[in-house]
Amino acid sequence: MTAGPVALVGSGEYLPAMAAVEAGLLAGRPPVYVQIPTAAAPEGAAAVDRWVALGREQAQRLGVTAVPLLIETRDDAERPDIAEQVAGAGLIYLSGGNPPYLADTLRDTLLWRAIETAWQAGAALAGCSAGAIALTHWVPDIRRPDTPGRQGLGAVPHLRVIPHFDRLTEWLPDLPERYLLDRPAGTTVVGIDEETALVGGPRQWEVQGRQSVWVISGEGREEHPAGSALEIS
């Protein structure tokens, strides 16, 4: 079995601007689009309902079946009846919201193990904003940058991801430097602009969408515009 691609998305999940990226992830895979809005749960039911509605609309545009999984707690993520709905997915997508909450809710649960199994069997795995951060090994709370980072889900442990890169660096100019601090050896920091995705993995990637991906090091920032292929080792 060959693992499916990973998509780390800066913003725009379920919106028309990113439909081509999501269609590419589903191409050649079962037309089943599992959507997990857990990161929005701390914002309340209205926020979760919004993501579910957006996800259904995108699935309709793409001509596939939406399977929203409403997981608000770790108890939910341990329910067999929820975890079994991941089987047969073509694309599994973690949408945006609160990154630490998402990682803490899914990490080492029955649901996350089901997601890993489906992904390793060929399903595409995507995360946008909070979802992209949670798929790495280190999950900071961007809203409270002085708090320690959490352990992530570890699908791409060699990356640290800054989503909304073009927007966040306007608000927090020193954010890239914070991500460089205390990195384990072999860890690469990437900034992903809004409506842009880094697709592939684990080492070979392509930039898709509207803007750029940035590889950040102590020497500066290297831009990779949409259409670029890059190797991250």
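Quick notes on this one:
- Residue within the stretch 195-213 that is polar (S, T, N, Q), under 27 Å from TRP112 (Cβ atoms), at pLDDT 95 or above and touching a Lys or Arg at 6+ places or on another chain (Cβ under 7 Å) present: yes
Matching residues to (1) under 21 Å from VAL9 (Cβ atoms); (2) in a helix (DSSP H, G or I); (3) out of contact with any strand residue (DSSP E or B) (no Cβ under 9 Å at 6 or more places or on another chain):
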site	(1), (2), (3)
VAL52	yes, yes, no
GLN58	yes, yes, no
GLU72	no, no, yes
ILE82	no, yes, yes
ALA103	yes, yes, no
ILE115	yes, yes, no
ALA118	yes, yes, no
GLY127	yes, no, no
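- Lone unmet requirement of (1) part of a loop (DSSP other than H, G, I, E, B); (2) touching a residue at least 40 places away in the same chain (Cβ under 8 Å) for TRP214: (1)
- Selected residue (only one of GLY96, GLY88, GLY28, GLY24 is crowded, with 18+ Cβ neighbours inside 10 Å and either free of Cβ contacts under 8 Å to residues at least 24 places away in the same chain or not in a strand (DSSP E or B) (or both)): GLY96
A quick yes/no check of all residues on (1) in contact (Cβ under 8 Å) with a residue 60 or more places away in the chain; (2) in contact with a helix residue (DSSP H, G or I) (Cβ under 9 Å, 6 or more places away or on another chain); (3) crowded, with 22+ Cβ neighbours inside 10 Å:
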position: ALA3; (1), (2), (3): yes, yes, no
position: VAL32; (1), (2), (3): no, yes, no
position: GLY44; (1), (2), (3): no, no, no
position: LEU54; (1), (2), (3): no, no, no
position: THR73; (1), (2), (3): no, yes, no
position: ARG79; (1), (2), (3): no, yes, no
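- For the stretch 115-128, the criterion of being within 23 Å of ALA226 (Cα to Cα) and surrounded by fewer than 21 Cβ atoms within 10 Å (Cβ to Cβ) is met by none of the residues.
- Flag if VAL190 is touching a Ser or Thr at 6+ places or on another chain (Cβ under 7 Å), under 22 Å from ALA3 (Cβ atoms) and either in a strand (DSSP E or B) or at pLDDT below 95 (or both): no
- Single match in ASP108, ASP146 (criterion: modelled with pLDDT under 95 and either out of contact with any Ser or Thr (no Cβ under 7 Å at 6 or more places or on another chain) or buried (at least 24 other Cβ atoms within 10 Å of the Cβ) (or both)): ASP146
- Screening the stretch 150-160 for residues that are in contact (Cβ under 8 Å) with a residue 40 or more places away in the chain and of a type outside the set (A, V, I, L, M) and picking the one that is nearest to ARG183 (Cα to Cα) gives HIS158.
- For the stretch 220-233, the count of residues that are touching a helix residue (DSSP H, G or I) at 6+ places or on another chain (Cβ under 6 Å), assigned to a strand (DSSP E or B) and either among the small types (Gly, Ala, Ser) or modelled with pLDDT of 95 or more (or both) is zero.
The values are calculated or read from the model by the stated rules, or taken from the named source; none is laboratory data. Bear in mind the structure is a predicted one, so any value in this text is a computation, not a measurement. Positions of Cβ are backbone-derived with ideal geometry, glycine not excepted, and every protein chain shown enters the neighbour counts.
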